[in-house]
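The values are calculated or read from the model by the stated rules, or taken from the named source; none is laboratory data. For clarity, every value in this text was computed on a predicted model and none was experimentally measured. Cβ: placed from backbone, ideal geometry, glycine included. Neighbour counts: every protein chain shown.
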Amino acid sequence: MIKVEGLVKRYGDFTAIEDISFEIKKGEIVGFLGPNGAGKTTTMRIITGFLPATAGTVKVSNFDIFDRPIEVKKRIGYLPEHPPVYTDMTVKGYLNFVAKIKGVARKERSEAIERVLTRCDLKSVKSTIIGKLSKGFKQRVGLAQALIHDPDVLILDEPTIGLDPKQIIEIRKLIKSLAGDHTIILSTHILPEVTMICERVLILAGGRIVADDNMENLTAQGSLETVFLKLTTEDVQ
């Protein structure tokens with residue numbers, strides 16, 4: 001489903017990511033775990049086509065992001081750290097707008113909007129101006145826009161950042177319910193996020209992957225916190 005090989009991103013003399021390679025199978029939910037500045041967001045932005053790479057290849061459903069970017073973007077739903085919502089629009093109006101620009105056929109738009117309103121528990125606020133919503137509901141609207149075209153792949157960057165404990169629990173439950181129907185990459189620096197949602201973890205530090213394993217094998221070495229600190233500290237040294 002997703003194949004990344006030898007990915008490099010440099011900004012002048014600074015290397016943000018170095019020789020990153022991994023594969024993710026259909027229906028997997030994979031955590032990208034690492035401290036701030038590890039290269040998680042840079043990698044996500046390259047996979048989604050928002051940022052060019054210095055070197056390497058990315059393929060989604062056998063389409064190369066650099067050669068066939070439109071085909072790849074059709075198959076990806078992206079929720080950046082700050083949801084890309086228009087605060088002066090209603091929830092339903094915004095989702096209709098997003099459906100249009102993502103190429104959802106006119107005859108399918110109403111059904112698509114109803115589907116994501118139900119999936120993201122937004123029906124009660126569908127006529128509300130987005131700017132008047134709580135941060136948790138805005139995050140749900142951001143997730144709904146990522147799902148509107150029913151993509152094969154969902155890429156979520158820090159989806160619970162800034163939410164209160166109740167909102168965090170709700171968003172985590174929602175994300176977990178999407179696994180199987182969608183291949184999910186969840187980028188975060190929050191350890192419980194990965195423990196509670198993901199089946200497999202890629203740990204990044206210093207722009208490189210320092211571990212790639214399932215939760216069972218990683219936690220067999222100790223708590224995820226212990227393993228994470230060991231790997232990321234070793235990398236820094």
For the stretch 83-116, what are the residues that are outside any loop (DSSP other than H, G, I, E, B), surrounded by 14 or more Cβ atoms within 10 Å (Cβ to Cβ) and of a type in the set (A, V, I, L, M)?
Val91, Leu95, Val98, Ala99, Ala112, Ile113, Val116
Just the residues that are surrounded by 19 or more Cβ atoms within 10 Å (Cβ to Cβ) and in a loop (DSSP other than H, G, I, E, B), please, taken from the stretch 58-82.
Ile65, Pro80
Looking at the structure I just gave you, is Val194 touching a Ser or Thr at 6+ places or on another chain (Cβ under 7 Å), β-branched (Val, Ile, Thr) and in contact (Cβ under 8 Å) with a residue 40 or more places away in the chain?
yes
Could you pull out every one of the strands (runs of 3 or more DSSP E) wholly within the stretch 142-223 that has 3 or more residues that are surrounded by fewer than 19 Cβ atoms within 10 Å (Cβ to Cβ) and either modelled with pLDDT of 85 or more or in contact with a strand residue (DSSP E or B) (Cβ under 7 Å, 6 or more places away or on another chain) (or both)?
208-214
So which pairs qualify, if the first residue must be in the stretch 115-128 and at pLDDT 95 or above, the second must be surrounded by fewer than 19 Cβ atoms within 10 Å (Cβ to Cβ) and of a type in the set (A, V, I, L, M), the Cβ gap must be under 8 Å, and the two must be at least 6 apart or on different chains?
Val125/Leu133
